[in-house]
Amino acid sequence: MNPIFEEIKDAIVEGDEDLAIELAEKVVAEGIDPVQAVQLGFIKGIEEVGAAWTSGEAFLPDVMMAADAMKAGMDVLEEVLAAGEGDGAYEDKGKIVLGTVEGDIHDIGKNIVGALLTSAGFKVYDIGIDQKAEDFVAKADEVGARIIAASSLLTTTMKSQKVLVEYLDAQKLRDKYKVIIGGGPTSAKWGEDIGADGWAETADEAVELCKKLLG
Amino acid sequence: MLPKFDVLTDEQINKIHKNSLKILQEIGVEFSYDPAIEVFKKHGQRVEGHRVFLDPDFVENMVEKAPAQFTLHARNPEHNLVCGGENVIYMPGYGAPFVYDADGGKRDATMADYDNFVKLAGASKNMHMTGGTVVEPTDVEDEIRHLKMAYSHIINSDKCFMGSSSGYEHAMDSIKLTAVLHGGMDVIKEKPALICLVNSVTPLKYDDRMLGGLMAYAETGQPMVIASLVMAGSTGPATMAGALSLQNAEVLAGITLTQCINPGTPVVYGSTSAVTDMSTGSLSIGNPENALFTSASAQFSRFYGVPCRGGGGLTDAKTVDAQAGYESMMVLFAASTTGVNFVLHTAGILQYYMAMSYEKFMVDDEIAGMVLRYLKGFDTDSDEKMAYDVIEAVGPGGHFLTQKHTRKNFKTEFFRPALSDRQSFDGWSKDSLDTNQRAKLKWQEVLANYTPPELDPAIKEKVEAFIEKRSKELLK
């Protein structure tokens, strides 16, 4: 086994974004099998962090920095992976578009959810804060996501989650995507009221929810 | 009143103050609201897009203009409150969208809950005002929620209350409504009667909604709390000194803006900074770090010469259990003994501001009573209080239970619990009720026996007419 795979794994576990990029660039430059780099390096690393998280040994900065390092490295490999280089194929567990709804600029909870989903093997497209329904849907359409996840921290912006579901209905796209919501003032009941496909109170529960919806 | 103790040395205060000023000057603060940007430009501050870089001398000069204390006027002048100095003002929790029941149930808060909490605060001798947004009444339309909430405070109690800061228009509605109650805008400009809560969005931002509210209160000379909630570890640095520097920078930026708009506008330095639970990312408020941030904020308020808001009956517990009790006592005690003047969230909060609980309200009311008694300290002013004569009269080996001196003094010297159980085991075991169960019986009893103080029918009519007119316009 090429020793670089172990180095990549360690870079992810350490949450070292710069090193992850540097190693990914080396993979491309030296024509190393990118699928193996993903499976034996990046995925191994994030799985190790994920396991430590589950057992309570890792904390949020560990997981979030590992997810950032993974994303940065994978971005470098994206081109060669898309070109079908390497043996076998790499597939994520599902694509998820994630964002904070219109009128709301809070993003910590959303970022935590994104990191945990990444560490669980999902490919997360984070579109950021204060995003309109059409922005969520446009991104989901572009990347072929199956889940749209919308966050809101304020009682005054929760209604934008409802607007998102209504927008999908109006565009006749409701069946194409699973919509999940979360955020401080939201509840299971609110999720049901607006016709979302799921609600989660914590980031861990959001991961379970996505596994269930895509399972 | 007891002397307030410090948690920072003068040297530490200076170091953090300088750090905050450097943040304001070199990193800057983002104000998303254009009218606020115009104000800073007019005052010669460097602006790039929506980011404002504040000159340290300018900040110090502006903060200097804010008054050290002010009086907040109630419709019943007996309930007027001086905010600042040695005073401490208690009120219910603010902004929770849920109500947790005694049996562990969770539900959306409603307008009926709102009225109930206002009444409980009105009935309490430990709550000095009825607060604001005592829950989020989710069954009332957003557009008119601020009017319904204000009405609840006006008719259910004659104590001071808080108004909306949710954008310029809603803020102005609450101010005008309060003016109707007090006899005109001129009257409340002279005698401020409404206070609101303006929060930064940490790190280093203020949003449109809050800035609109800030400008409405500043323009009309109504007081406001300018508060920052740094979640150390997530929205702020994981070090206490770093998080405090960040909080301090944000609050100073907000206070500076208020004084630019209307020099001398009463403001309260606010802090709700606490830590992030690093396993879940949740805010965590029932802890020694929060108590330290609160006490440090009180000290910074003294340093800047403005009143302070912070602390409360704060907990991360989901039900009224031992955790709810010990966490709440710690934070309320720290706030009250180190000089916080305005204690939002004194009573009712569970799970880091997410929920209100009737039972928790009663527990916190009890804690508040205990702390208020503690703050009174020892009275050594008279021979009566020194009690030499009665000690002499009883002499060695006697007892004091049948002395006139005892009967006269115990009621004012001793705190009398309303909720705590001091019975013998046998007495207690007749019903074996724990605190949660006793609290449930207690709030039901208080609500059943509460009669709101009467409001002059002519004024009531004007208040209702104002609300009806605005509701029609807003729901159009």
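Scanning for something polar (S, T, N, Q), surrounded by 11 or more Cβ atoms within 10 Å (Cβ to Cβ) and not assigned by TED's automatic domain parsing to the domain that holds residue B:182, does the stretch B:457-472 turn up at least one residue?
yes
Which one of these is within 14 Å of chain B (Cβ to nearest Cβ) and touching a residue at least 24 places away in the same chain (Cβ under 8 Å): A:60, A:77, A:81?
The match here is A:60.
Considering only the stretch B:164-194, state which residues are out of contact with any helix residue (DSSP H, G or I) (no Cβ under 8 Å at 6 or more places or on another chain) and more than 23 Å from residue B:461 (Cα to Cα).
Scanning the stretch B:164-194 gives a single hit, B:190.
Are there any strands (runs of 3 or more DSSP E) wholly within the stretch B:8-111 with 3 or more residues that are away from every other protein chain (no Cβ under 14 Å), and if so which?
Hits in the stretch B:8-111: B:46-48, B:51-53, B:70-72, B:81-83, B:89-92.
What do you reckon, is residue B:325 part of a loop (DSSP other than H, G, I, E, B), of a type outside the set (S, T, N, Q) and more than 14 Å from chain A (Cβ to nearest Cβ)?
Details: part of a loop (DSSP other than H, G, I, E, B): no; of a type outside the set (S, T, N, Q): yes; more than 14 Å from chain A (Cβ to nearest Cβ): yes.
It is false that residue B:325 is part of a loop (DSSP other than H, G, I, E, B), of a type outside the set (S, T, N, Q) and more than 14 Å from chain A (Cβ to nearest Cβ).
Only one of (1) surrounded by 24 or more Cβ atoms within 10 Å (Cβ to Cβ); (2) touching a residue at least 40 places away in the same chain (Cβ under 8 Å) fails for residue A:93. Which number is that?
(1)
Is it the case, given these coordinates, that residue B:194 is within 14 Å of chain A (Cβ to nearest Cβ) and under 17 Å from the mean Cα position of the chain (by Cα)?
Considered against the rule, which asks whether it is within 14 Å of chain A (Cβ to nearest Cβ) and under 17 Å from the mean Cα position of the chain (by Cα), residue B:194 comes out as no.
Quick one: would you say residue B:177 is in a helix (DSSP H, G or I) and not acidic (Asp, Glu)?
Yes; evaluated as a whole, the condition is true for this residue.
Can you list the helices (runs of 4 or more DSSP H) found entirely within the stretch A:135-215 that contain at least 1 residues being within 17 Å of the chain's Cα centre (by Cα)?
It comes to A:203-214.
Does the stretch B:437-455 contain at least one residue that is aromatic (Phe, Trp, Tyr), more than 26 Å from the chain's Cα centre (by Cα) and at pLDDT 95 or above?
Checked the stretch B:437-455: no residue is aromatic (Phe, Trp, Tyr), more than 26 Å from the chain's Cα centre (by Cα) and at pLDDT 95 or above.
Restricting the stretch B:28-52 to residues that are within 30 Å of the chain's Cα centre (by Cα) and hydrophobic (A, V, I, L, M, F, W, C), which is nearest to residue B:244 (Cα to Cα)?
So, considering only residues that are within 30 Å of the chain's Cα centre (by Cα) and hydrophobic (A, V, I, L, M, F, W, C), the one nearest to residue B:244 (Cα to Cα) is B:29.
Which members of the stretch B:115-137 meet the condition of being buried (at least 21 other Cβ atoms within 10 Å of the Cβ) and either within 13 Å of another protein chain (Cβ to nearest Cβ) or assigned to a loop (DSSP other than H, G, I, E, B) (or both)?
Correct list: B:124, B:127, B:128, B:129, B:130, B:131, B:132, B:133, B:134, B:135, B:136, B:137.
So is residue B:400 more than 38 Å from the chain's Cα centre (by Cα) and surrounded by 13 or more Cβ atoms within 10 Å (Cβ to Cβ) or not? Quick ask: steps written out before the conclusion?
On the way: more than 38 Å from the chain's Cα centre (by Cα): yes; surrounded by 13 or more Cβ atoms within 10 Å (Cβ to Cβ): yes.
For residue B:400, the condition - more than 38 Å from the chain's Cα centre (by Cα) and surrounded by 13 or more Cβ atoms within 10 Å (Cβ to Cβ) - is met.
Is it fair to say residue B:90 is touching a residue at least 40 places away in the same chain (Cβ under 8 Å), more than 22 Å from residue B:300 (Cβ to Cβ) and among the hydroxyl-bearing types (Ser, Thr, Tyr)?
no
Residues that are in a helix (DSSP H, G or I) and touching an Asp or Glu at 6+ places or on another chain (Cβ under 6 Å): does the stretch B:454-464 have at least one?
Residues of the stretch B:454-464 that are in a helix (DSSP H, G or I), as a first pass: B:457-464.
With the extra rule that they be touching an Asp or Glu at 6+ places or on another chain (Cβ under 6 Å), the set shrinks to none.
Looking through the stretch B:454-464, none of the residues is in a helix (DSSP H, G or I) and touching an Asp or Glu at 6+ places or on another chain (Cβ under 6 Å).
When residue A:152 is evaluated against the numbered criteria (1) in contact with a strand residue (DSSP E or B) (Cβ under 7 Å, 6 or more places away or on another chain); (2) more than 28 Å from residue B:355 (Cβ to Cβ), which criterion, by number, is the only one it fails?
(2)
Which residue, of B:297, B:245, B:328, is over 18 Å from residue B:353 (Cβ atoms) and in contact with a Lys or Arg (Cβ under 9 Å, 6 or more places away or on another chain)? So that I can check it myself, show each step before the final result.
Numbers: B:297 fails: over 18 Å from residue B:353 (Cβ atoms); B:328 fails: over 18 Å from residue B:353 (Cβ atoms).
Among B:297, B:245, B:328, only B:245 is over 18 Å from residue B:353 (Cβ atoms) and in contact with a Lys or Arg (Cβ under 9 Å, 6 or more places away or on another chain).
Quick one: count up the residues across the stretch B:301-334 that are farther than 30 Å from residue B:103 by Cβ, of a type outside the set (Gly, Ala, Ser) and buried (at least 24 other Cβ atoms within 10 Å of the Cβ).
Number satisfying all stated conditions: 4.
Out of everything in the stretch A:5-27 that is among the aliphatic types (A, V, I, L, M) and in contact with a Leu (Cβ under 6 Å, 6 or more places away or on another chain), what residue ends up being nearest to residue A:66 (Cα to Cα)? Quick ask: steps written out before the conclusion?
Within the stretch A:5-27, the subset among the aliphatic types (A, V, I, L, M) is A:8, A:11-13, A:19-21, A:23-24, A:27.
Checking which are in contact with a Leu (Cβ under 6 Å, 6 or more places away or on another chain) leaves us with A:8, A:11, A:24.
On the way: A:8: 11, A:11: 8, A:24: 15 Å.
Here the answer is A:11.
If residue B:364 passes every condition in (1) touching a helix residue (DSSP H, G or I) at 6+ places or on another chain (Cβ under 8 Å); (2) closer than 28 Å to residue B:13 by Cα; (3) outside any loop (DSSP other than H, G, I, E, B) but one, which one does it miss?
(2)
How many residues are over 24 Å from residue B:40 (Cβ atoms) and surrounded by fewer than 21 Cβ atoms within 10 Å (Cβ to Cβ) if we restrict to the stretch B:181-215?
Total meeting the criteria: 9.
For the stretch A:109-155: of the residues being within 14 Å of chain B (Cβ to nearest Cβ) and small (Gly, Ala, Ser), which is nearest to residue A:199 (Cα to Cα)?
A:151
Of (1) surrounded by 16 or more Cβ atoms within 10 Å (Cβ to Cβ); (2) more than 26 Å from residue A:42 (Cβ to Cβ), residue A:122 satisfies all except one. Which?
Condition not satisfied by residue A:122: (2).
Just give me the residues in the stretch B:328-346 being among the polar types (S, T, N, Q) and part of a strand (DSSP E or B), in sequence order.
Let us first name the residues in the stretch B:328-346 that are among the polar types (S, T, N, Q), namely B:328, B:336-338, B:341, B:346.
B:346, the sole residue that qualifies.
Could you tell me how many of the residues in the stretch B:216-248 are of a type in the set (A, V, I, L, M, F, W, C), surrounded by 22 or more Cβ atoms within 10 Å (Cβ to Cβ) and farther than 15 Å from residue B:301 by Cβ?
Matching residues across the stretch B:216-248 total 7.
The values are calculated or read from the model by the stated rules, or taken from the named source; none is laboratory data. All of these numbers come straight from a predicted model, not from anything done at the bench. Neighbour counts run over all protein chains shown; Cβ positions are idealised from the backbone, glycine included.
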